[in-house]
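Below: one structure, written as structure tokens.
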Amino acid sequence: MAVKVTSIRGFNDILPATSGLWSHIEGNARRVFETYGFSEVRLPVLEKTDLFLRSIGDTTDIIEKQMYTFTDLHGDSLTLRPEGTASLVRAYIEGKLYTEPVARLFYTGPMFRYERPQKGRYRQFYQIGAEVLGEDSPVLDAETIEMLWVLMNALGVEGVVVEVNSLGCAECRPAYKETLLGFLRGKADCLCENCARRIETNPLRALDCKAEGCREATDTAPSVVDSLCQSCSEHFKGLKDALEQRGVPFQVNSRMVRGLDYYTRTTFEVTARAGGALGAQNAVAAGGRYDGLVEELGGPATPCFGFAIGMERLAMLVDKTLAKSQPLLYLIPMGEKAAAVGATLVRALRDLGLSVVVDYRGGALKGCMKRADRVSADFALIIGDNEIEAGTLTVKNMKEGGQVNIDLRSPAIVAAHVGGATTGTARAEG
Ligand code: ATP
Ligand code: MG
């Protein structure tokens, strides 16, 4: 007996019931990002393991336990990318994009992390990321957060909040680390095993930990914002002022440290309010500044800011019904002659940008109509002997009822009647 091969846990198929919504989201992201001057880069999913080891941070969850790393036939250690920023920076350096004063880039695609699969957390998940390389103004941070906010609005997302923080720089972070370490040493017993182990090497991780004990222990921890040096302090104020000026609502969350070590100064997250569609995995997008990363990976010193959106989580917040804007037509030719006439008409309708599928199974009209219903067609186009005789086709409204006859040689009238695209573009995105 044949054995059914199933998918890998945490690796999902995105089937047609969802993929239309994803295209709708991606289409909006492309449109909005382009209005802010961003261009797309397409990056490989496989990178040399070293790239991530040198950028993400030894004591992060990603490096400690989440990477899909393997040795290829040549003996090289390769890793399925767990995130996009490191790859993007590598491409920026290799492609010498730093010869432009400022590079504004975006990417989309799958990321891979060996995590415990649950709602909103998968082992292959998709991100849309945007990064600006070559600009250190806090106003740029605000403008980029605004761009994300504009996208959320365009998608009709409600009930999300922007949280911002500053993690300081190489000047002031070490002192904060010491202060926090002094505070946490007294509470080591309350911390989870993981945080207790890395407290000496990376005490900031405890602030990000979701374990009950860590949350309580760090509740009264000294705030990073209080230990910023003057220039980081001014940078943070510049960010807040610029966000206010742009009307982007935000809250300061001085506990937010993010899961990757390369962040400097600004960090931010967009989270869904408690009790919403996302449940416990409530961060829908996150990012920040990484002023040291390009240099760390062998490029020229370059201040950078960027974010990544979690596609699966964003899709849970977007109203599905908004995605479908193009009606589906279902052509039913009754007999051979009708099929030939129908083929010409269908070609013309498709040239006008309409979505049409043809029933090839034939048989009684009743059965054909049932199939039209099963594929959720909006209109059935029927061509039978009577229609050919009269030179018309019958257009039946499947959702609201009613029917009309339209001249077989007038695809434009059909298009106008069904209210679909007449521009030759595929399913509309906006
Ligand atoms: P989280 O706190 O949810 O673990 P993170 O800090 O690991 O997120 P980033 O690495 O900054 O997240 O990724 C940005 C976004 O990608 C997250 O806000 C989330 O929406 C999404 N994301 C991250 N990991 C996963 C995953 N395993 N499955 C689905 N989406 C994810
Ligand atoms: Mg994570």
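The values are calculated or read from the model by the stated rules, or taken from the named source; none is laboratory data. Not measured: the values here are computed from a predicted model. As a convention, Cβ positions derive from the backbone with ideal geometry for all residues, glycine included, and neighbour counts pool all protein chains shown.
Just one residue in the set Arg104, Arg113, Arg90 is assigned by TED's automatic domain parsing to the domain that holds Pro44 and within 12 Å of ligand 1 (Cβ to nearest atom); that residue is Arg113.
Taking the range 33-71 as the range and being out of contact with any strand residue (DSSP E or B) (no Cβ under 7 Å at 6 or more places or on another chain), among the β-branched types (Val, Ile, Thr) and either within 14 Å of ligand 1 (Cβ to nearest atom) or at pLDDT 95 or above (or both) as the test, the residues that pass are Thr35, Ile56, Thr60, Ile62, Ile63.
With respect to being within 16 Å of ligand 2 (Cβ to nearest atom), assigned to a strand (DSSP E or B) and not β-branched (Val, Ile, Thr), Pro110 fits the description. In the range 124-136, the condition of being free of Cβ contacts under 8 Å to residues at least 40 places away in the same chain and away from ligand 1 (no atom under 15 Å from the Cβ) is met by no residue.
Considering the range 1-20 alone, what residues qualify as being under 16 Å from the mean Cα position of the chain (by Cα) and either at pLDDT below 95 or small (Gly, Ala, Ser) (or both)? The answer is Thr18, Ser19, Gly20.
The set of residues in the range 197-221 that are within 17 Å of Val164 (Cα to Cα) and part of a loop (DSSP other than H, G, I, E, B) contains only Leu204. Scan the range 372-400 for residues that are assigned to a helix (DSSP H, G or I) and either under 33 Å from the mean Cα position of the chain (by Cα) or buried (at least 17 other Cβ atoms within 10 Å of the Cβ) (or both) and the total you get is 5. When Gly95 is tested against (1) away from ligand 1 (no atom under 15 Å from the Cβ); (2) surrounded by 20 or more Cβ atoms within 10 Å (Cβ to Cβ), only condition (2) is not met.
Residue-by-condition table, conditions (1) touching a residue at least 60 places away in the same chain (Cβ under 8 Å); (2) in contact with a strand residue (DSSP E or B) (Cβ under 8 Å, 6 or more places away or on another chain):
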residue	(1), (2)
Ile332	no, yes
Asp351	yes, no
Val357	no, yes
Tyr360	no, no
Lys366	no, no
Met369	no, yes
Val375	no, yes
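Among the conditions (1) touching a residue at least 40 places away in the same chain (Cβ under 8 Å); (2) surrounded by 19 or more Cβ atoms within 10 Å (Cβ to Cβ); (3) more than 16 Å from the chain's Cα centre (by Cα); (4) not in a helix (DSSP H, G or I), Thr79 misses just one, which is (1).
Inspection of the range 241-254 identifies at least one residue that is assigned to a helix (DSSP H, G or I), closer than 17 Å to Asp141 by Cβ and of a type in the set (Gly, Ala, Ser). Sub-8 Å Cβ pairs linking a first residue in the range 386-412 that is under 14 Å from Leu329 (Cα atoms) to a second residue that is of a type in the set (Phe, Trp, Tyr), at least 6 apart or interchain, are Val395/Phe379; Lys396/Phe379; Asn397/Phe379; Met398/Tyr330; Met398/Phe379, ordered by first then second residue. Does Ala323 satisfy being away from ligand 1 (no atom under 16 Å from the Cβ), within 30 Å of Arg123 (Cβ to Cβ) and of a type outside the set (Lys, Arg)? It is true that Ala323 is away from ligand 1 (no atom under 16 Å from the Cβ), within 30 Å of Arg123 (Cβ to Cβ) and of a type outside the set (Lys, Arg). Pairs meeting the criteria (first residue in the range 306-327 and without any contact (Cβ under 8 Å) to a residue 40 or more places away in the chain, second residue more than 16 Å from ligand 1 (Cβ to nearest atom), beta carbons under 8 Å, at least 6 apart or on different chains) are lacking.
Conditions tested, residue by residue: (1) surrounded by 20 or more Cβ atoms within 10 Å (Cβ to Cβ); (2) assigned to a strand (DSSP E or B); (3) touching a residue at least 40 places away in the same chain (Cβ under 8 Å); (4) within 16 Å of ligand 2 (Cβ to nearest atom).
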site: Ala86; (1), (2), (3), (4): yes, no, yes, yes
site: Ala91; (1), (2), (3), (4): no, no, yes, no
site: Asp141; (1), (2), (3), (4): yes, no, yes, no
site: Glu146; (1), (2), (3), (4): no, no, yes, no
site: Ala170; (1), (2), (3), (4): no, no, yes, no
site: Glu178; (1), (2), (3), (4): no, no, no, no
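When Asp58, Asp50 are checked against the criterion of being over 29 Å from Leu151 (Cβ atoms) and either assigned to a loop (DSSP other than H, G, I, E, B) or assigned by TED's automatic domain parsing to the domain that holds Arg374 (or both), Asp58 stands alone in meeting it. Give me a count of the residues in the range 252-277 that are away from ligand 1 (no atom under 14 Å from the Cβ) and touching a helix residue (DSSP H, G or I) at 6+ places or on another chain (Cβ under 6 Å). Here the count works out to 2.
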